[in-house]
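Note sheet for the following structure.
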There are 2 protein chains.
Amino acid sequence: MNTLAEENYLKAIYHLSLNDLNVSTNQIAAALCTKAASVTDMLKKLADKELINYERYQGVTLTAVGEKIALQIIRRHRLWEYFLVEKLNFKWDEVHEMAEELEHISSVELVDRLDKFMDYPKHDPHGDPIPDRDGNFKKHELIPVASLKLNEAGIISGVRDHSPGFLQYLDKQQLIIGKKIKITDIIAYDNSMILQVETIAIHISRDVAKNLLVAI
Amino acid sequence: MNTLAEENYLKAIYHLSLNDLNVSTNQIAAALCTKAASVTDMLKKLADKELINYERYQGVTLTAVGEKIALQIIRRHRLWEYFLVEKLNFKWDEVHEMAEELEHISSVELVDRLDKFMDYPKHDPHGDPIPDRDGNFKKHELIPVASLKLNEAGIISGVRDHSPGFLQYLDKQQLIIGKKIKITDIIAYDNSMILQVETIAIHISRDVAKNLLVAI
DNA sequence: CCAAATTTTTAGACAAGTCTAAAAAAACGA
DNA sequence: TCGTTTTTTTAGACTTGTCTAAAAATTTGG
Ligand SMILES: [Mn+2]
Ligand SMILES: [Mn+2]
Ligand SMILES: [Mn+2]
Ligand SMILES: [Mn+2]
């Protein structure tokens, strides 16, 4: 239906739209590791297909149709990640690149059966919500650990940084999705924090605290 | 590593090599639904990469490296087909097109884990052998039902025609992989046959008998 | 064995997606 | 406000893979 390149553009625009209402050419180029000139070319094609709203120099938004397609691709990506972790026993830092390929497998029936096979998971291994076949999902309100106050508690529910390095670090520290944490100290000097996780105390930097998300 | 188009050419050449030692340009064009001129172009590229042995007008054979790649793709195709049937409950006539896409997912680790997850199946849903990670497989000697004589028996173990229509027909007639059959009559007029399958007698045409394979 | 039919290759073109370099528009800032 | 910087678009080129039409090589059969 759409080419692999088109799907990647739509997905990138969707993700960027979560932070900025209007997405710029340069933002897209950075997200896809391509050049602004290439992006402009593709934006014209996507606009012709009415998947995005685009006026020269004005940035873009997804149309309803474009957003629906983006959500289908994100659904596939997250379901495959869940499959790789839960069924094939990959670690959560190993699955993204494979999912980047698998998300382009086109069969709708396949992804629906995969969803059923895994009993309709609501979140991927990184805590991100999995849209249902109609593109609907509940966006849970998560906050960074960095914004918790002393003695406040939360349940680890997501990450802002999806890089393997960060995920591996969290794994090693036992900072895993679902675990309950509590802020037992905040070091004023560098804003680093000490968390109580089950019976252990863990010291994390401000950078880590900003990229680790909890539900409260 | 190799492009999608290159992988499809190598796979096609491999399959055609099973019937003819030297594979012709036109055979490849027919197999891939493309034109002879396009095939010639691609053969030059594959020869440059030393994946095929090619001299103008002489047809092609796979090099050892080319064959290894072809077998990896066939391994992926058949493992995914097995997954789709055994885990996602697709029917054997529904899986080929999806496997045509899935076979190009590049991760070696993924396919090895999938293999393990399914407990190392030896044959795909159509009875075709699944190469192991090194490309090795046992080629069982199958013969068409058409070459059986009166009162000879065999176990349904494969098909020569993989089209959905043929597979659906076999399903409906209960002519399923693993079932034991015995020739109880051969009608001289049109060479059609009557098979005993468990408690029922089934009348099949010569065409069907030629495309249904048994182990004896 | 040679003319005709068939197969294969070459030549030239096109679409998708990318790039660099340069021009145009927009945004910034003194 | 107006010159400078940044962003975006255009222009032109390249790669991959495809096509049609025509030329060249091979095969076939009388
Ligand atoms: Mn991912
Ligand atoms: Mn994820
Ligand atoms: Mn198949
Ligand atoms: Mn098969």
The helix A:4-17 Cα axis meets the longest alpha-carbon principal axis of chain A at an angle in degrees, between 0 and 90 and rounded to 10, of 50
Counting just the Cα atoms, what span does region A:4-62 cover along each of its three principal axes? Round to the nearest Å and put the largest first.
25, 21, 21
Computed for region A:143-215: size of charge dipole around the Cα centre, +1 on C-beta of each Lys and Arg, -1 on C-beta of each Asp and Glu, debye to nearest 20, value 140
Which percent of Cα pairs goes in each bin when the distances of region B:105-162 are cut into 5 angstrom slices starting at zero?
4, 15, 21, 19, 15, 11, 7, 5, 3, 1
Return the whole-Å distance between the Cα centroid of region A:101-167 and the Cα centroid of region B:15-43.
45
Show log10 I(q)/I(0) for the protein assembly as shown at q = 0.09 Å⁻¹, two decimals, from a solvent-free Debye sum over equal Cα scatterers.
-0.76
Debye equation applied to the C-alpha atoms of chain B, log10 I(q)/I(0) at 0.07, 0.17, 0.18 Å⁻¹:
-0.26, -1.18, -1.25
Above 17 angstrom, tally the Cα pairs of region B:150-216 and express them as a % of all pairs, no decimals.
33
Listed here are the pairs A:K87/A:K122; B:K35/B:K138; B:K87/B:K139; which of them are more than 27 Å apart at the Cα?
B:K35/B:K138
So the pair-distance distribution of region B:85-128, from every Cα-Cα distance in 5 Å bins, comes to percents of 5, 17, 26, 34, 16, 1
In degrees, nearest 10, the alpha-carbon axis of helix A:36-48 is tilted away from the dominant principal axis of the alpha carbons of chain A by 60
Relative to the first principal axis of the alpha-carbon coordinates of chain A, what is the inclination of helix A:64-86, with its axis defined by its Cα atoms, in degrees from 0 to 90 and to the nearest 10?
50
When chain A is treated as a Gaussian network with springs between alpha carbons less than 10 Å apart, the largest mean-square fluctuation among A:D171, A:D20, A:D161 is found at A:D20
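All of the numbers you see were taken from the coordinates with simple rules; none came from a lab. Model, not experiment: these values are computed from the prediction. Cβ sites come from the backbone with ideal geometry, for glycine too, and all protein chains shown count toward neighbours.
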